1. About the Cα centre of the chain, what is the dipole size in debye to 20, counting +1 per Lys and Arg Cβ and -1 per Asp and Glu Cβ, all else neutral?
2. Suppose we look only past 21 Å in the calculated P(r) of the chain. What percent of the Cα-Cα pairs does that tail hold?
3. For the pair Ala51/Ile37, report the inter-label distance in nm, with labels modelled 7 Å from Cα in the Cβ direction.
4. Suppose a student asked you for the relative contact order of the chain, using Cα pairs under 8 Å spaced at least 6 residues apart; what percent would you report?
5. To the nearest 500 deg cm²/dmol, what mean residue ellipticity at 222 nm is calculated for the chain from DSSP H runs of n ≥ 4 alone, each contributing -39,500 (n - 2.57), summed and divided by the residues?
6. Would you calculate the separation in nanometres between label points at Glu70 and Ile44, each defined as 7 Å from the Cα along the Cα-to-beta-carbon direction?
7. Name the residue farthest towards the positive end of the dipole of the chain from the options Leu65, Leu23, Leu76, assuming +1 on Cβ of Lys and Arg, -1 on Cβ of Asp and Glu, about the Cα centre.
Amino acid sequence: EDLLAAYLCARDPSTPLMARATLIGAVAYFVVPIDAIPDALAFIGFTDDAAVLATAIAVAGAHILPPHREKARAALLIEQR
């Protein structure tokens, strides 16, 4: 949910450029297969992805607004059905 909310925030034109750049960088790091720690390693493979995303949300999280989170939740509920 946080990843999708960050993506939606980064795509929002009203989000400041620095916050958008931070969030886009974090989302890109999460989806690009080249990592500091390969994702194929059980459990620890995703820790670097989670750390990058958590840091980006901590830095730019004030710009992830309730509408971004609501859209993310709605999209995930649709996908789960």
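1. 340 debye
2. On the way: 1040 of 3240 pairs.
Counting pairs separated by more than 21 Å, the tail of P(r) holds 32 percent.
3. Placing both labels 7 Å beyond Cα along the Cβ direction yields 0.7 nm.
4. 41 percent
5. Values: 4 runs with 54 residues, N = 81.
Value at 222 nm, helices only, nearest 500: -21500 deg cm²/dmol.
6. Output for this residue pair reads 4.3 nm.
7. Going by the Cα projections, it comes out as Leu65.
Since every read-out is calculated from the coordinates, none of them should be taken as a lab result. Computed from a predicted structure; not experimentally measured. For neighbour counting, all protein chains shown are included, and Cβ atoms are generated from backbone atoms with ideal geometry for every residue, glycine included.
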